[in-house]
1. May I ask you to list the residues in region 172-224 that are crowded, with 20+ Cβ neighbours inside 10 Å and of a type in the set (Ser, Thr, Tyr)?
2. Taking region 228-248 on its own, how many of its residues are free of Cβ contacts under 8 Å to residues at least 60 places away in the same chain, of a type in the set (Ser, Thr, Tyr) and in a helix (DSSP H, G or I)?
3. For region 145-156, check the following and say yes or no: at least one residue is closer than 29 Å to Ala102 by Cβ, at pLDDT below 90 and among the hydrophobic types (A, V, I, L, M, F, W, C).
4. Quick test for you: out of Gly71, Gly160, Gly124, Gly130, pick the one residue that is at pLDDT below 90, under 16 Å from Phe216 (Cα atoms) and not in a strand (DSSP E or B).
5. Could you tell me whether Arg198 is closer than 30 Å to Ile88 by Cβ and at pLDDT 95 or above?
Amino acid sequence: MSEQEIREGMLLAVWDEPPLDFDPDTLIRRVEQKKSRRRALVGVGVATAVIAVASFALPGLLPRDRDSQLGSDGQTSASATPSESAEIRVQRIGDKLAEKLALTEPTLKEVYSDLKVGRSGPSGTQVVPGNPGDWAYWGYVYLTDPIGPTALRVEATRFGFSVQSFCASAVLCRDVPQKDGSVVTEAEFTDGSPEIARAETVRKYPSGLVVKVSSFAYNPATGSGVRQTVPVHVGVLTSLVTDPSVNWE
């Protein structure tokens with residue numbers, strides 16, 4: 001008889017024999033644990049089935065008029081929209097300006113806006129809350145061109161606007177009437193430098209609202225970043241204030 005046959009014969013002889021460290025108590029505990037776990041799973045399955053059946057049966061048990069009323073209430077709440085706040089409206093204006101500027105000047109990068117509800121003081125730094133019906137807004141459209149980051153200043157106020165005073169020191173100043181009755185005034189200033197140091201476009205509405213978009217030879221948001229000339233010239237500023245997708249009023 002070979003060694004392999006002897007090994008197989010011994011395995012068959014002890015196949016049903018328990019191991020030497022066999023503990024019957026441990027075996028019983030494991031069996032009880034499996035039985036408890038099985039009963040728990042069966043209970044969860046039954047509860048889930050009951051809930052599922054109830055969810056399908058409940059709509060049929062409700063009165064039809066009540067069901068219709070629930071549906072109408074849901075439609076009413078879904079269709080109702082809250083009134084637009086001034087902040088959301090100003091944010092939309094800023095987004096449209098940034099979008100228009102990015103399309104007009106494709107070489108610009110990181111174009112975004114930050115407009116605030118309020119009224120910019122004559123000095124351009126003081127901000128006071130606008131009264132209902134007289135609210136306005138101001139802020140910046142930030143951009144990065146090949147020279148570096150800078151910004152355009154945006155103001156919408158109801159302060160008095162004088163074309164004579166505005167154009168007093170301009171090297172270029174002209175009015176461009178619009179079909180809606182508003183008047184756009186384009187101006188460029190050197191401010192003592194050989195290049196255009198400031199470009200501004202103002203749109204005055206019959207209602208008294210005055211919108212101004214300005215480009216400077218520095219970053220008006222930080223007061224730094226001096227450059228030789230303005231990053232955006234007056235023609236682009238005019239395209240911003242006359243963009244039909246921007247609802248200024």
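1. Ser182, Thr185, Thr201, Ser214, Ser215 - these are the residues of region 172-224 that are crowded, with 20+ Cβ neighbours inside 10 Å and of a type in the set (Ser, Thr, Tyr).
2. Number of matching residues: 0.
3. No, region 145-156 contains no residue that is closer than 29 Å to Ala102 by Cβ, at pLDDT below 90 and among the hydrophobic types (A, V, I, L, M, F, W, C).
4. Details: Gly71 fails: under 16 Å from Phe216 (Cα atoms); Gly160 fails: under 16 Å from Phe216 (Cα atoms); Gly130 fails: under 16 Å from Phe216 (Cα atoms).
Exactly one residue qualifies, and that residue is Gly124.
5. In short, no.
Condition check ((1) touching a strand residue (DSSP E or B) at 6+ places or on another chain (Cβ under 7 Å); (2) under 15 Å from Val154 (Cα atoms); (3) acidic (Asp, Glu); (4) part of a loop (DSSP other than H, G, I, E, B)) across all residues:
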position	(1), (2), (3), (4)
Val176	yes, no, no, no
Lys179	no, no, no, yes
Glu186	yes, yes, yes, no
Glu195	no, no, yes, yes
Ala199	yes, yes, no, no
Val211	yes, yes, no, no
Thr222	no, yes, no, yes
Val226	no, no, no, yes
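The values are calculated or read from the model by the stated rules, or taken from the named source; none is laboratory data. The model shown is predicted, which means the values in this text are computed figures rather than measured ones. Backbone-built Cβ (ideal geometry, glycine too); neighbour counts: all protein chains shown.
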